[in-house]
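Asker: Dumping the structure here so I can ask a few things about it.
Every read-out reported here was derived from the displayed coordinates using simple, explicitly stated rules and does not represent laboratory data. Keep in mind that this is a model prediction, so the values were computed, not measured. Reconstructed Cβ throughout: ideal geometry from the backbone, glycine too, with neighbour counts over all protein chains shown.
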């Protein structure tokens, strides 16, 4: 025997033959289904909305960078600018590298003899789990009191999510 749950305003109709995890014998079951479906719909809408907003923001940043109206370093989340966070990261990573000098290195060239435009260098630390590195503007060079190498090691594919490699330094 099929049981039905009709959602108010005729928005959704579900049958137990389709949604067999719900028992629609009482109003409470129907309300649970409505709640679950509304949440699922909200999650889809929220994800689409978030993706659209992120694309719009990135597009505006790109346009402003090209026209030189706005510098990325001046963009803020209301608490910190990108420039401040970049500076904080440089200070904090210099402390890590300077504490583990024997495992840290810096170079003005990648392994393939290239480097990003705009006066950059790469600095990194080799951990038990692999390298972790950042690029910085040359103004930060002297913060890193580590050995200078002609070329950085070959990139091992590390990503921002590999930041936890640094935790192995304290073992």
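Asker: Just how far, in whole angstrom, is segment 108-141 from segment 62-84 if you go by their alpha carbon centroids?
Answerer: Between the Cα centres of segment 62-84 and segment 108-141 lies a distance of 23 Å.
Asker: Could you compute the FRET efficiency for residue 120 and residue 59, with r as their C-beta to C-beta distance and R0 at 35 Å, rounded to 0.05?
Answerer: The computed FRET efficiency comes out at 0.90.
Asker: Please work out the FRET efficiency for the pair residue 52 and residue 81, using the Cβ-Cβ distance as r and a Förster radius of 25 Å; give the result to the nearest 0.05.
Answerer: 0.55
Asker: Calculate, in nm to one decimal, what residue 149 and residue 40 gain on full extension: separation in residues at 0.36 nm each, minus their alpha carbon distance.
Answerer: Result for the pair: 33.9 nm of gain on full extension.
Asker: Please give the length that would be gained between residue 109 and residue 166 if that part of the chain were fully extended, namely 0.36 nm times their separation in residues minus their C-alpha to C-alpha distance (nm, one decimal).
Answerer: Separation in residues times 0.36 nm, less the Cα-Cα distance, equals 18.3 nm.
Asker: Further question on the same structure: What shape does segment 82-170 take by its C-alpha gyration tensor, where a ≥ b ≥ c are the square roots of the eigenvalues and a/c under 1.5 counts as rounded, a/b above b/c as prolate, and the rest as oblate?
Answerer: Here segment 82-170 falls in the rounded category.
Asker: Would you kindly state how much longer the chain becomes between residue 99 and residue 73 on full extension, computed as 0.36 nm times their sequence separation minus their alpha carbon distance, in nm to one decimal?
Answerer: 6.6 nm
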